[in-house]
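Student: I have a structure I would like to understand better, so I am pasting it below and will then ask my questions one at a time.
The values are calculated or read from the model by the stated rules, or taken from the named source; none is laboratory data. Bear in mind that the values here come from a model prediction, so they are computed numbers and not experimental data. Glycine also receives a Cβ, built like all others from the backbone with ideal geometry; neighbour counts cover every protein chain displayed. For accessibility, only protein heavy atoms count, side chains too; no ligands or nucleic acids. Shrake-Rupley method; radii C 1.70, N 1.55, O 1.52, S 1.80 Å.
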Amino acid sequence: MNPRSPGRKAALVPLVLGLGAALAACGSNGDKAASGSGARKVEVALTDTGCEPAKLQLAAGAVTFNVTNKGTDKVSEFEVADGDRILGEVENVTAGLERNFTLNLQPGDYVLKCPGGSTAPEGALTVTGEGAAAGAADAQLTAVAESYRRYVEGQTGALVSTTRTFVNAVVAGDVAAAKRAYGPARVPYERIEPVAESFGDLDPAIDARAGDVPANEWGGFHKIEQALWVKNTTAGMAPVARKLLSDVTDLRAKVRTVELDAPQIANGANELLGEVSKSKITGEEERYSRIDLVDFKANLDGARAAFDAVRRALDKRDAELGATIQSRFEAADQSLAPYRQRTGYFPYNRLTDADTRKLAQTIDALAEPLSQVSARLAGG
């Protein structure tokens, strides 16, 4: 997931519902999804104007949004949001491409977002009726969400610890120690990116890159990274470092209460892999330190943890899909193996264009079956 894309708000805070429910759309807004899925399929087009249709009315339950770019270069993203919380989305849907995601919707009013549209950058979604009654499938998927929460809690605990080491070096003015501590501090954050946006403004505060936010608001890891590797100094970075530690500490506290839902855990993992293969592959993330491969590995680890959390529930619905994803995670890990060295990974600028293309192809091969998981989980 790319938390810094234009128009992006805070985050994937899911809706916990009865997941075996069928969805009935009002009027003719959707068709039944593929056989075996209880989700209804709703077609959404991205055009120069924004979202088409810009208004939807649906019955509560599981729905797959099938998003197609009709040839516009102005709009490439579709989101369903509850206030400033993104419930589900697809990004990098360029001209001619089609992508989808599945949600379990509660009754209420939601916002459709297509950033960049001329007249319909936002639309409205009204969900009517009642959520499904709880059942065995719900209990199983609730257990999935709690299992993944424990993983995220562990990683945010590690994040506070490793960030404290990094911050102490920055405040002490020890450039060499700060550079050594930077990579280890980044790893836990990159591992929780499938749900990083669930933490609202903390995500850009911690992880924004230059240009993602107004210059006077820029802070966090990458501002300090720039000072260390471009200017070879920690001068002026102590306040930035202290705020970073405060922000990751606040994030750790939020993890204990944020709602998590199995299909959207899978959605988040898939969106993260899409970000890796479409934007992070350019080296934009760690543009000063060049430790991008450290991030890639952490992103893979985090996506795999999300998949592992939902695997048992998925196998009850589609064991063959689970086995395919497992094998492709292993292939993705192996694709990084040639670039390992004793202290971690080669600097990203040592990779050739052929190297980066091969990595992107391997990630794409994994993302394709992983994109099907949320619909399987929602469909029962």
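Student: Could you please tell me which pairs satisfy a Cβ distance under 8 Å, a separation of 6+ or placement on different chains, a first residue in the stretch 356-370 that is free of Cβ contacts under 8 Å to residues at least 40 places away in the same chain, and a second residue that is surrounded by fewer than 16 Cβ atoms within 10 Å (Cβ to Cβ)?
Tutor: Matching pairs, first to second residue: Thr362/Ala331; Ala365/Ala331.
Student: Another question, then. Would you say Tyr189 is closer than 18 Å to Asp250 by Cα, modelled with pLDDT of 95 or more and open to solvent by less than 10 Å² (accessible area, probe 1.4 Å)?
Tutor: yes
Student: Restricting to the stretch 265-305, name every residue that is on the phi > 0 side of the Ramachandran plot and either part of a helix (DSSP H, G or I) or charged (D, E, K, R) (or both).
Tutor: Arg290
Student: Just to be sure before I move on: is Leu112 modelled with pLDDT of 95 or more, touching an Asp or Glu at 6+ places or on another chain (Cβ under 7 Å) and more than 23 Å from Arg311 (Cα to Cα) in the structure I sent?
Tutor: Taking the combined requirement at face value, the residue satisfies it.
Student: Hey, does the stretch 74-81 have a residue that's more than 21 Å from Ile265 (Cβ to Cβ), at pLDDT 90 or above and either open to solvent by 40 Å² or more (accessible area, probe 1.4 Å) or not in a loop (DSSP other than H, G, I, E, B) (or both)?
Tutor: Checked the stretch 74-81: at least one residue is more than 21 Å from Ile265 (Cβ to Cβ), at pLDDT 90 or above and either open to solvent by 40 Å² or more (accessible area, probe 1.4 Å) or not in a loop (DSSP other than H, G, I, E, B) (or both).
Rundown of residues vs (1) under 20 Å from the mean Cα position of the chain (by Cα); (2) among the aliphatic types (A, V, I, L, M); (3) assigned to a helix (DSSP H, G or I); (4) more than 24 Å from Gln155 (Cβ to Cβ), yes/no style:
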residue: Glu330; (1), (2), (3), (4): no, no, yes, no
residue: Ala337; (1), (2), (3), (4): no, yes, yes, no
residue: Leu359; (1), (2), (3), (4): yes, yes, yes, no
residue: Ile363; (1), (2), (3), (4): yes, yes, yes, no
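Student: Another question, if that's okay. Within the stretch 309-336, track down each residue that is buried (at least 18 other Cβ atoms within 10 Å of the Cβ) and either among the hydroxyl-bearing types (Ser, Thr, Tyr) or in contact with a His (Cβ under 6 Å, 6 or more places away or on another chain) (or both).
Tutor: Listed by number, the list holds a single entry, Ser335.
Student: Search the stretch 283-294 for residues that are open to solvent by 20 Å² or more (accessible area, probe 1.4 Å) and pair each with any residue that is assigned to a loop (DSSP other than H, G, I, E, B) and of a type in the set (Gly, Ala, Ser) when their beta-carbon atoms are under 9 Å apart and the residues are at least 6 apart or on different chains.
Tutor: Final answer for the pair search is Arg290/Gly283.
Student: For the stretch 215-234, name all the residues that are touching a residue at least 24 places away in the same chain (Cβ under 8 Å) and open to solvent by 50 Å² or more (accessible area, probe 1.4 Å).
Tutor: Answer for the stretch 215-234, where residues must be touching a residue at least 24 places away in the same chain (Cβ under 8 Å) and open to solvent by 50 Å² or more (accessible area, probe 1.4 Å): Trp229, Val230, Asn232.
Student: So, of the residues in the stretch 126-154 that are at pLDDT 90 or above and farther than 26 Å from Gly83 by Cβ, which turns out to be surrounded by the fewest Cβ atoms within 10 Å (Cβ to Cβ)?
Tutor: Arg150
Student: Can you tell me which residue among Ala305, Ala241 is farther than 30 Å from Ser374 by Cβ and out of contact with any Leu (no Cβ under 9 Å at 6 or more places or on another chain)?
Tutor: None of the others qualify; the one that does is Ala241.
Student: For the stretch 251-280, give me each residue that is farther than 14 Å from Asn299 by Cα and without any contact (Cβ under 8 Å) to a residue 60 or more places away in the chain.
Tutor: Ala253, Lys254, Thr257, listed by residue number.
Student: To continue, here is another question. Out of Pro53, Pro14, I need the residue that is modelled with pLDDT of 50 or more and touching a strand residue (DSSP E or B) at 6+ places or on another chain (Cβ under 8 Å). Which one?
Tutor: Only one candidate passes the filter, namely Pro53.
Student: Given the criterion among the small types (Gly, Ala, Ser) and either touching a strand residue (DSSP E or B) at 6+ places or on another chain (Cβ under 7 Å) or crowded, with 24+ Cβ neighbours inside 10 Å (or both), identify the matching residue among Ala269, Ala208.
Tutor: Ala269
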